[in-house]
Amino acid sequence: MTVERTGSGLEAQLAIKGIGRFFSAAFLAFWLAGWAAGEAFALWILVVGARALLTGEPPGAGHKPLSLEAAGVAGLFLLVWLTFWSIGGIAAGRELLRLLFGRDRILAQHDCLEVEQSCGLFRSVKGLPREEIRRFYGMPGSGALCVETASGTTELTRLGTLT
């Protein structure tokens, strides 16, 4: 962690460190590969089913043609499932990038606290007005530094330690 006074205010930069993160990242990458295979399979089922409905041909050799009702229910289920599956995959991919390339910057300015969280090419910036900040605290177990504001709790960073 580096802390320095800049023209904008007091700035702290934290980067993810430690060898243990690579074990977690390797597991998550392996898990995401299986996740992607499941998503590809569901997409393949949707494409085969749509083609079978549009052409009136059976979906495969030795099968009967699909009925509109059964295919509609199965297709709708797969679309809903695939939507949530994709959202989960995106979240897991973001966490993989955070494990490999995570960096947080906290800038204490005169009127607000600016928090920038980046992982690889992706970043998010949040501004917390000074008058809304009630307290800072560390979450036991996760090691996250949080801030309580008038509108709720915000995680500032999970990088670093509580000591």
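The values are calculated or read from the model by the stated rules, or taken from the named source; none is laboratory data. As the structure is a computational prediction, the values presented were derived from the model and not from experiment. Using ideal geometry, Cβ is built from the backbone for each residue, glycine included, and neighbour counts are taken over all protein chains shown. We work out accessible area using only protein heavy atoms, side chains counted, and drop any ligands, DNA or RNA first. Shrake-Rupley method; radii C 1.70, N 1.55, O 1.52, S 1.80 Å.
List of remarks:
- Accessible area ranking (1.4 Å probe, heavy atoms, ligands and nucleic acids excluded), largest first, for Cys112, Cys119: Cys112, Cys119.
- Using Cβ point charges alone (K and R +1, D and E -1), the dipole size of the stretch 1-156 about the Cα centre works out to roughly 320 debye.
- Of Glu148, Glu116, Glu39, the one that fluctuates the most in a GNM where the chain has Cα springs shorter than 10 Å: Glu148
- Using just its DSSP H runs of length 4 or more, each adding -39500 (n - 2.57), the chain gives a mean residue ellipticity at 222 nm of -15500 deg cm²/dmol after division by all residues.
- Highest-MSF residue in the chain out of Leu32, Leu54, Leu66 [GNM, Cα springs under 10 Å]: Leu54
- Farthest toward positive dipole pole in the stretch 26-163 [+1 Lys/Arg, -1 Asp/Glu at C-beta], among Val73, Ala108, Gly49: Ala108
- Solvent-accessible area, 1.4 Å probe, carbon plus sulfur percent, for the chain: 66 percent
- Taking Cβ atoms as reference points and 14 Å as the exclusive limit, the residues near Thr157 contribute a net charge of +2, counting Lys and Arg as +1 and Asp and Glu as -1.
- For the pair Ala91 and Ala108, the difference between a 0.36 nm per residue extended length and the Cα-Cα distance amounts to 3.3 nm.
- Largest to smallest principal axis extent of the C-alpha atoms in the stretch 1-135, angstrom: 72, 37, 23
- In sequence order, calculated HN-Hα J values of the stretch 12-29 (Karplus, 6.51, -1.76, 1.60; Hz; x Gly/Pro): 10, 10, 10, 10, 5, 9, x, 6, x, 5, 6, 5, 4, 5, 5, 4, 5, 5
- With Cα atoms, 0 to 90° folded angle of helix 68-101 axis to the chain main axis: 30 degrees
- Accessible area expressed per residue, the chain, with surrounding protein chains retained (probe 1.4 Å, Å²): 66 Å²
- Per-residue ³J(HN,Hα) for the stretch 49-60, Karplus 6.51 cos²θ - 1.76 cosθ + 1.60, θ = phi - 60°, Hz, x for Gly and Pro: x, 5, 5, 5, 5, 6, 8, x, 7, x, x, x
- Label-to-label distance, Ser8 versus Val73, with points set 7 angstrom from Cα along the beta-carbon direction: 5.6 nm.
- Counted by Cβ distance under 15 Å from Ala15, the other residues give a net charge of +3, where Lys and Arg count +1 and Asp and Glu count -1.
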